[in-house]
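As structure tokens, the structure follows; a few thoughts come after it.
The values are calculated or read from the model by the stated rules, or taken from the named source; none is laboratory data. Because the structure is predicted, anything quoted here is derived from the model rather than measured. Methodologically, a virtual Cβ is constructed for each residue, glycine included, from the backbone with ideal geometry; neighbour enumeration extends over all protein chains shown. The protein model used for the area step is the full one, side chains on, heavy atoms only, and it has no ligands, DNA or RNA in it. Shrake-Rupley method; radii C 1.70, N 1.55, O 1.52, S 1.80 Å.
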Amino acid sequence: MEKVVIMGTGCAGLTAALYTARAGLSPLVLTGTLPGGLLTTTSIVENFPGFPEGIDGCELMSRMQKQAERFGARVRFGTVEAVHLSERPFRLTVDDEQVETRTIIIASGASHRHLGLESESLLERKGVTYCATCDGALPMFRNQPLVVVGGGDSACEEAIFLSRFGSVIHLVHRRDTLRASKIMAGRTLSNPKIKPVWDSVTTEILDVKQDKVIGVRVKNLKTGKESVIDCAGVFVAIGHVPNTELFRGALEMDENGYIVPKHGMESNLPGIFVAGDCSDHVYRQAVTAAGMGCAAAIDAERYLARLNQ
Ligand SMILES: Cc1cc2nc3c(=O)[nH]c(=O)nc-3n(C[C@H](O)[C@H](O)[C@H](O)COP(=O)(O)OP(=O)(O)OC[C@H]3O[C@@H](n4cnc5c(N)ncnc54)[C@H](O)[C@@H]3O)c2cc1C
């Protein structure tokens, strides 16, 4: 039987692996379908402390894995497909195999909502991005016209953040008012660099042939008219979906499915801990996910120590 199973090998999961491994718990760490997590989908990470020149996302995650393995973490390619939490030990179905464990650290991350356009996926990392805090300061976006898609708080935050770097920020929203909170909407609309494009949806990102973003085609839903907005970057901010579906009904979550920790990083079910983007809809950064992974590991270790008393 396992003492600790960690679901996920992003920053949260691998940091939890490092701490539980150094505590002598020999954690089993399951990769899911994205070994290394979301950072492996980006090139340069410039805001993870300790790397003044920046570091390639894959390289950073590979180093985190090696560091955890050095102390005895066992990283295994596998996806948790079902969880059985009503009895102790907990039981997980991992690729048709049963795994029993005394504790679980859920570090399964969150997925970005996509627009669902073919041009969007073809131009991802070539000007299409899902995180202004992560990518907004990159040279390719500086002093360039940019597009943010969305109308909620996140889209407004992204647009305001980007107004420091871009020459003009076109905020494309499908309605004629922002969904964001009043204060955020007010701040956004009074920013002289942000130009709302109301009642409009993005129908295509240009230009796949040139293999880089040069603009977006938008359609006005009221008039049906199509037009092109020139830009160097498209920031899609239409929300995230936490990867927590397996725990629905068993663990306390907010209305969007983010797991709500109760004591430290422990969920409402003793022995189950959470870390990273699957429980954080506010910060969503590598370093905050790593911090939560550390906290969850320390909480799990103390929980196990109490059981043995
Ligand atoms: C393009 C891009 C660029 C970014 N750039 C930066 C940046 O420069 N700086 C920064 O701080 N942040 C950046 N971020 C945000 C950062 O990547 C995330 O905040 C961070 O990866 C969250 O870590 P996490 O461990 O919570 O989740 P994730 O990295 O999403 O990892 C989740 C892990 O859980 C696994 N998993 C999911 N379901 C299961 C399952 N059922 N069973 C087993 N495993 C499962 C996945 O396979 C994955 O390994 C960027 C994000 C993106 C998308």
*In straight Cα distance, which lysines are under 20 Å from K3, not counting same-chain residues fewer than 8 positions off?*
none
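Using just the helices of the chain, give the 222 nm mean residue ellipticity in deg cm²/dmol: DSSP H runs with n ≥ 4 each add -39,500 (n - 2.57), and the total is spread over all residues, rounded to 500. Intermediate values should be presented prior to the final figure.
On the way: 7 runs with 75 residues, N = 309.
Rounded to the nearest 500, it is -7500 deg cm²/dmol.
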_7 Å from Cα along Cα→Cβ at both N191 and A137: what's the point-to-point distance in nm?_
1.6
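Could you sort the peptides 23-29, 54-60 by per-residue average Cβ neighbour count (10 Å cutoff), highest mean leading?
Numbers: 23-29: 20.7, 54-60: 17.1.
So the peptides 23-29, 54-60, ranked by packing, come out 23-29, 54-60.
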*Karplus (6.51, -1.76, 1.60) ³J(HN,Hα), θ = phi - 60°, over segment 81-97, in Hz, Gly and Pro reported as x*: 9, 8, 10, 10, 10, 7, 10, 9, x, 5, 10, 10, 9, 10, 6, 6, 9
*Kindly point out which whole DSSP H helices in the chain project their C-alpha atoms 30 angstrom or further along the helix axis while averaging a Kyte-Doolittle hydropathy of 0.5 or above.*
286-307
_Student exercise, segment 6-115 dipole from Lys, Arg, Asp, Glu Cβ charges, in Debye to nearest 20_ = 340
*Determine ³J(HN,Hα), in whole Hz, for all residues of segment 242-255 in sequence, where each value follows from phi through the Karplus function 6.51 cos²θ - 1.76 cosθ + 1.60 and θ = phi - 60°; x replaces Gly and Pro.*
x, 8, 10, 3, 4, 9, 4, x, 9, 10, 6, 10, 7, 5
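Return one whole number: the accessible area per residue of segment 92-167 in Å², for a 1.4 Å probe.
Numbers: 3170 Å² over 76 residues.
For segment 92-167, the solvent-accessible area averages 42 Å² per residue.
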*Could you give me the percent of Cα pairs per 10 Å distance bin for segment 1-106, shortest bin first, beginning at zero and ending with the bin that holds the maximum distance?*
16, 44, 29, 9, 1
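As an exercise, identify the trypsin sites (Lys or Arg not before Pro) in segment 183-277 lying in DSSP coil whose Cβ has no more than 14 other Cβ atoms within 10 Å. It would help to have the intermediate numbers written out before the result.
On the way: sites: R187, K193, K209, K212, R217, K219, K222, K225, R248, K262; in loops: K193, K209, K212, K222, K225, K262.
Passing both the DSSP loop test and the Cβ count: K209, K222, K225, K262.
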*Starting from the Cα of S86, move 7 Å in the Cα-to-Cβ direction to define the label point; list residues of segment 233-249 whose amide nitrogen is under 16 Å from there.*
247-249
*Measure off, as a whole percent, the carbon and sulfur share of the 1.4 Å-probe accessible area of segment 154-213, all protein chains present.*
51
*Restrict the search to segment 230-305; then list the GluC sites (Glu not before Pro) that DSSP places in a loop and that have at most 15 other Cβ atoms within 10 Å of their Cβ.*
E252, E255
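Give me the Kirkwood hydrodynamic radius of segment 96-165, using the inverse of the mean 1/r over all pairs of distinct Cα atoms, in Å to one decimal. Kindly include the intermediate steps, with their values, before the conclusion.
Details: mean 1/r = 0.0673 Å⁻¹.
Every distinct Cα pair counted, the radius reaches 14.8 Å.
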*asked:* Report the rotationally averaged projected area of the chain based on its alpha-carbon convex hull, in square nanometres.
replied: 17.2
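Would you mind counting up the charge near F51? Only other residues with Cβ under 14 Å from its Cβ, with Lys and Arg at +1 and Asp and Glu at -1. Don't skip to the answer; put the middle values down first.
On the way: positive: R63; negative: E46, E53, D56, E59.
Overall, the nearby charge balance is -3.
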*Using amide H atoms built 1.01 Å from N in the peptide plane, name the residues 5+ places from K195, or on other chains, whose amide H lies under 5 Å from its own.*
I169, H170, L171
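Find how much the distance from T93 to I214 grows on full extension, using 0.36 nm per residue of separation minus their present alpha carbon separation; answer in nm with one decimal. Don't jump to the answer; show the numbers that get you there.
Numbers: separation 121, 0.36 × 121 = 43.56 nm, distance 4.56 nm.
Extending this stretch completely gives an extra 39.0 nm.
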*asked:* 5 Å is the cut-off here: which amide hydrogens, built 1.01 Å from N in the peptide plane, fall below it relative to F273, excluding neighbours closer than 5 in sequence?
replied: I104, I105, I106, S267
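Counting Lys and Arg as +1 and Asp and Glu as -1, what is the net charge of the other residues whose Cβ lies under 11 Å from the Cβ of S200? Don't skip to the answer; put the middle values down first.
Working: positive: R174, R175, R217, K219, K222, K225; negative: D176, D199, E226.
So the surrounding residues net to +3.
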*Hey, got the Cα dimensions of segment 191-250 along the principal axes, in Å, largest first?*
47, 31, 28
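Quick check: residue separation of C58 and D199 times 0.36 nm, minus the Cα distance between them. What number comes out in nm? Before the final figure, lay out the partial values.
Details: separation 141, 0.36 × 141 = 50.76 nm, distance 3.88 nm.
Working it through step by step, the gained length comes to 46.9 nm.
In the structure shown, do any of K182/K212; K66/K212; K126/K219; K182/K219; K195/K262 have a Cα-Cα gap over 31 Å, and if so which?
Details: K182/K212 35 Å; K66/K212 34 Å; K126/K219 23 Å; K182/K219 26 Å; K195/K262 41 Å.
Beyond 31 Å: K182/K212; K66/K212; K195/K262.
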*Hey, in the chain, which Cys have no second cysteine's beta-carbon closer than 4.7 Å?*
C11, C58, C156, C231, C278, C294
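For segment 173-265, run through the chymotrypsin sites (Phe, Trp or Tyr not before Pro) and keep only the ones in DSSP coil with at most 16 other Cβ atoms within 10 Å of their Cβ. Mind showing how you got there, number by number?
On the way: sites: W198, F235, F247, Y258; in loops: W198, Y258.
Of the chymotrypsin sites (Phe, Trp or Tyr not before Pro), the ones in loops of segment 173-265 whose Cβ has at most 16 other Cβ atoms within 10 Å are W198.
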*Rg and Dmax of segment 128-177 over Cα atoms: what are they, in angstrom?*
10.3, 32
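Placing +1 at every Lys and Arg Cβ and -1 at every Asp and Glu Cβ, with all other atoms neutral, what dipole size does the chain have around its Cα centre, in debye to the nearest 20? Walk me through the intermediate numbers first.
On the way: 33 positive and 35 negative charges, 126 e Å.
The calculation lands at about 600 debye.
Please report the projected area of segment 80-200's Cα convex hull averaged over all directions, in nm². Can you show the working numbers first?
Numbers: hull surface 44.2 nm².
Seen from a random direction, the Cα hull of segment 80-200 projects 11.1 nm² on average.
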*When the scattering of segment 146-255 is computed by the Debye formula from its Cα atoms alone, each counted once and equally, what is log10 I(q)/I(0) at q = 0.10, 0.11, 0.15, 0.21 Å⁻¹?*
-0.34, -0.40, -0.68, -1.06
